[in-house]
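A.B. asks: What follows is a structure written as structure tokens; I'll ask about it next.
The values are calculated or read from the model by the stated rules, or taken from the named source; none is laboratory data. Bear in mind that the values here come from a model prediction, so they are computed numbers and not experimental data. Cβ sites come from the backbone with ideal geometry, for glycine too, and all protein chains shown count toward neighbours. Side chains are part of the model used for accessible areas, which takes the heavy atoms of the whole protein and leaves out ligands, DNA and RNA. Shrake-Rupley method; radii C 1.70, N 1.55, O 1.52, S 1.80 Å.
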Amino acid sequence: MGAAALALVGCSNDESTDTQGQDSSQDDPQTQVQSQAQQSPQQAQQSAESQPAPPQQQAESASQESGRVAVPGGIMRMWLPVERHDRWDPHRSRYRYTQASHGLMYNRLIRPASVSSGELEADLCALPEMPDETTYVFTLQPGAVYWQVEPTNGRAVSASDLIWNIERQQTAEDTDGLLDPSFFRRDAYARTSTAEAIDGGALQLRTDAPDAAYLASVHASPFAWITSPEAAEQFGDDWRDDPSDILRNSGTGPYTPLLYDGYELTLVRSDNWWRSDSAYANGITFASGDADVIASMYEARAVDRADFPLTNEMVDELRERHPEHGTYELPLDAAVELLIPSSMDMESPLSDPRVRQAISLSVDRRTLLQRLYGRWGRLSGPLPWYLDGWALSEEALARYPGYRQDRSADLAEVAGLIEAAGGAESIAAVPLVVADLFEGFFVGAGEAVARMLRDASGLEVEREDRPFAEAVDALREGGDFCLLGWGARPAQADPTDEWGESLHSTGAWQRGDGSAELDGLIDQMRLTFDRTARQGIARQVQEILLSGQALSWRSPLVGGIQLGLHQPWLHPDPRLFEFAWTTHRLATSWLDTQSEDYPVGRELPEVEPQPE
């Protein structure tokens, strides 16, 4: 199998983010290995040659078609609230804004080729061979090295480095040998049962059982960065505790840290970047600022793109003033949800699954969509609409209660559920907590949803606002209330792990009404290495949830679309505009510094040399 697997290191680069519910024709790397097991090396090589070109070749090809050639140079300037990052230690960080900068400084073993579909591609290593369903053999990319700075000084990356990174996440200890809870991914890395170097400098990983979500969830996840043992030894726990010193980074990525002053962060192209398929810009600066400042900065050509946190109305105004600028749409990756957990208290209205189902159906999703997002929104099913191949199509979603056009049918079903539960007058008031951040962003949304619940079901609703984090923690500890707010951003397209936690009867966060059928399907997803087949099982799970045969405590409602535009000199990698975790695609974007619009005088900031 090895010869076939080694030839299949490419992966489809799916650049579409608006295809709904279509089957993907591209298999996971595991499936590629298995499906090609009987091929000759010649056949496997032909398969590899049919894969898309590397990102730089794609960019150059697109540039040539437009009459422009992608060349290195220039300084990118982007908005990012860098003051909100958490820790520079790549194994202890978890904030999205830290991940955005780490994505340009670090590599993973492998990474998503398409965040929305879940396809994978090579990064620090080629896609792995799989001699069997519990063994993964990773081969380091030729020439992979750490930065040409202290403490690694450009040395080569080895399999022992990769093993150290895995074991550090598994042991999760501080410098005193005490368990450190800021190693947030300890449980994920525990899925690796053994890690060892084998002949030729390759890395062999094993799992205790077949685990189809293992690669995406652990080694291609948003925070699966590879750093150096020397950095952990030199920086110690200061790496965790001091968020001000950006020079406390040690990576293999295309950009190295230059300056961080709390409001601006600048990265510069690595002197010894070992791959030739990215790192066009000489440097990338991230600057903070509120929405009004960002719009002004864009007008002054001080930032190269404008989207979140600008409102769509603000972006629309910029588009009207600059019709020659490139435009795009970003799916908002956190859907509006109503969390409706089951209750062990038989006096609680949430102890009855019929009441919980009635609460979910009482929300008029289409009316709420117009209120929150207007024409820039989409209905959100159990999986967000932008997860290509995983989510149900809009047409399929419209067949189910809560999403169908016939609102009267939903109201009739709600009435039947309430009557079967004993009638509204016999059911205690429904406690509805509205997340404060959500209510602050969508003023009046909490009362609008409360009114929908009262009008549709006849139930009494007691509403209050609470801090978001406090409310989520209370629910995890068994809180007996419904919560309206934004849901969690998906870290990946594949929902196997998330459903195992929240839907499976053995899941740590299971607070709905699971079923043996759901358990069986989720177990089957864990064992199914063919991604297209796994997506088919995922759609079965969604159909069960939507039909009311089993309930999830997460009731998605609606999702939004963020408009954006970019300056004419910026030529973005199309995959930069997927729903999340894609800042590393700035490395494969380029600047036309010869454009008459490109700002004159953009330079990297001067930095005083560090003392010896």
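A.B. asks: Looking only at the range 140-171, which residues are closer than 17 Å to Gly201 by Cα, among the charged types (D, E, K, R) and open to solvent by 20 Å² or more (accessible area, probe 1.4 Å)?
C.D. replies: Arg155
A.B. asks: Given (1) modelled with pLDDT under 95; (2) crowded, with 19+ Cβ neighbours inside 10 Å, where does Val414 come up short, assuming only one miss?
C.D. replies: (1)
A.B. asks: Follow-up question, since we're still on this one. Of the residues Pro181, Pro142, Pro151, which single one is in a loop (DSSP other than H, G, I, E, B) and touching a helix residue (DSSP H, G or I) at 6+ places or on another chain (Cβ under 6 Å)?
C.D. replies: When all the criteria are applied, what remains is Pro151.
A.B. asks: How many residues does the range 199-229 hold that are touching a Pro at 6+ places or on another chain (Cβ under 8 Å), in a loop (DSSP other than H, G, I, E, B) and more than 18 Å from Arg155 (Cα to Cα)?
C.D. replies: Going through the range 199-229 one residue at a time, the tally reaches 2.
A.B. asks: Find the helices (runs of 4 or more DSSP H) located wholly in the range 403-513 whose residues include 3 or more that are more than 27 Å from Thr367 (Cα to Cα), and list them.
C.D. replies: Answer list for the range 403-513: 468-476, 496-502.
A.B. asks: Which residue out of Phe441, Phe468 is more than 21 Å from Ser502 (Cα to Cα) and either in contact with a helix residue (DSSP H, G or I) (Cβ under 9 Å, 6 or more places away or on another chain) or open to solvent by 20 Å² or more (accessible area, probe 1.4 Å) (or both)?
C.D. replies: Going through Phe441, Phe468 in turn, just one is more than 21 Å from Ser502 (Cα to Cα) and either in contact with a helix residue (DSSP H, G or I) (Cβ under 9 Å, 6 or more places away or on another chain) or open to solvent by 20 Å² or more (accessible area, probe 1.4 Å) (or both): Phe441.
A.B. asks: Let me ask another. Restricting attention to the range 529-545, and to residues there that are farther than 30 Å from Asp480 by Cβ and β-branched (Val, Ile, Thr), which single residue is surrounded by the most Cβ atoms within 10 Å (Cβ to Cβ)?
C.D. replies: My answer is Ile537.
A.B. asks: Please go through the range 357-388 and pick out each residue that is charged (D, E, K, R) and under 16 Å from Arg454 (Cβ atoms).
C.D. replies: Asp364, the sole residue that qualifies.
A.B. asks: Checking Gly507 against (1) in contact (Cβ under 8 Å) with a residue 24 or more places away in the chain; (2) open to solvent by less than 40 Å² (accessible area, probe 1.4 Å); (3) out of contact with any Pro (no Cβ under 8 Å at 6 or more places or on another chain); (4) not aromatic (Phe, Trp, Tyr), which single condition isn't satisfied?
C.D. replies: Failed condition: (1).
A.B. asks: For the range 211-220, how many residues meet the condition of being open to solvent by 10 Å² or more (accessible area, probe 1.4 Å) and not hydrophobic (A, V, I, L, M, F, W, C)?
C.D. replies: Final tally of qualifying residues: 2.
A.B. asks: Considering each residue of the range 546-572, count those that are in a strand (DSSP E or B), closer than 30 Å to Glu596 by Cα and open to solvent by 10 Å² or more (accessible area, probe 1.4 Å), and give that number.
C.D. replies: 3
A.B. asks: Return the pair list, or none, for Cβ contacts closer than 7 Å from residues in the range 567-584 that are within 16 Å of Ser278 (Cβ to Cβ) to residues that are part of a loop (DSSP other than H, G, I, E, B) and at pLDDT below 95, at least 6 apart or on different chains.
C.D. replies: Close Cβ pairs (under 7 Å, with a partner that is part of a loop (DSSP other than H, G, I, E, B) and at pLDDT below 95) amount to His571/Ala70; Pro574/Glu15; Arg575/Asn13; Arg575/Glu15; Arg575/Thr582; Leu576/Thr582; Thr582/Val115.
A.B. asks: Which one of these does Tyr298 not meet: (1) at pLDDT 95 or above; (2) surrounded by 15 or more Cβ atoms within 10 Å (Cβ to Cβ); (3) outside any helix (DSSP H, G or I)?
C.D. replies: (3)
A.B. asks: Tally the residues that are part of a loop (DSSP other than H, G, I, E, B), within 20 Å of Pro572 (Cα to Cα) and not small (Gly, Ala, Ser), restricting the search to the range 274-295.
C.D. replies: 4
A.B. asks: Specify the residue that is nearest to Leu162 (Cα to Cα); the eligible residues are those in the range 221-242 that are surrounded by fewer than 22 Cβ atoms within 10 Å (Cβ to Cβ) and among the small types (Gly, Ala, Ser).
C.D. replies: Selected residue: Ser228.
A.B. asks: Regarding Val82, is this residue open to solvent by less than 30 Å² (accessible area, probe 1.4 Å), under 30 Å from Gly601 (Cα atoms), touching a residue at least 24 places away in the same chain (Cβ under 8 Å) and hydrophobic (A, V, I, L, M, F, W, C)?
C.D. replies: Yes.
A.B. asks: Continuing with this model, one more query. Need the failing condition index for Gly200 against (1) surrounded by fewer than 21 Cβ atoms within 10 Å (Cβ to Cβ); (2) touching a residue at least 40 places away in the same chain (Cβ under 8 Å); (3) under 30 Å from Ala287 (Cα atoms), just the number.
C.D. replies: (3)
A.B. asks: I'd like the full set of residues that are under 30 Å from Leu453 (Cα atoms), outside any loop (DSSP other than H, G, I, E, B) and open to solvent by less than 20 Å² (accessible area, probe 1.4 Å), limited to the range 313-355.
C.D. replies: Of everything in the range 313-355, those that are under 30 Å from Leu453 (Cα atoms), outside any loop (DSSP other than H, G, I, E, B) and open to solvent by less than 20 Å² (accessible area, probe 1.4 Å) turn out to be Pro331, Val336, Glu337, Leu338, Pro349, Leu350, Val355.
A.B. asks: Kindly indicate which of Ala358, Ala391 is closer than 25 Å to Ser515 by Cβ and in a helix (DSSP H, G or I).
C.D. replies: Ala358
A.B. asks: Please state which of the following conditions Ile522 fails to meet, knowing it meets all the rest: (1) crowded, with 20+ Cβ neighbours inside 10 Å; (2) in a helix (DSSP H, G or I); (3) modelled with pLDDT under 95.
C.D. replies: All conditions are met except number (3).
A.B. asks: Moving to a separate point now. Is it the case that some residue within the range 473-484 is within 30 Å of Ala113 (Cβ to Cβ), touching a residue at least 60 places away in the same chain (Cβ under 8 Å) and either in contact with a helix residue (DSSP H, G or I) (Cβ under 7 Å, 6 or more places away or on another chain) or surrounded by fewer than 20 Cβ atoms within 10 Å (Cβ to Cβ) (or both)?
C.D. replies: No, that holds for no residue.
A.B. asks: Which residue is farthest from Asn165 (Cα to Cα), if the candidates are limited to the range 243-269 and must be among the small types (Gly, Ala, Ser) and open to solvent by 10 Å² or more (accessible area, probe 1.4 Å)?
C.D. replies: Gly262
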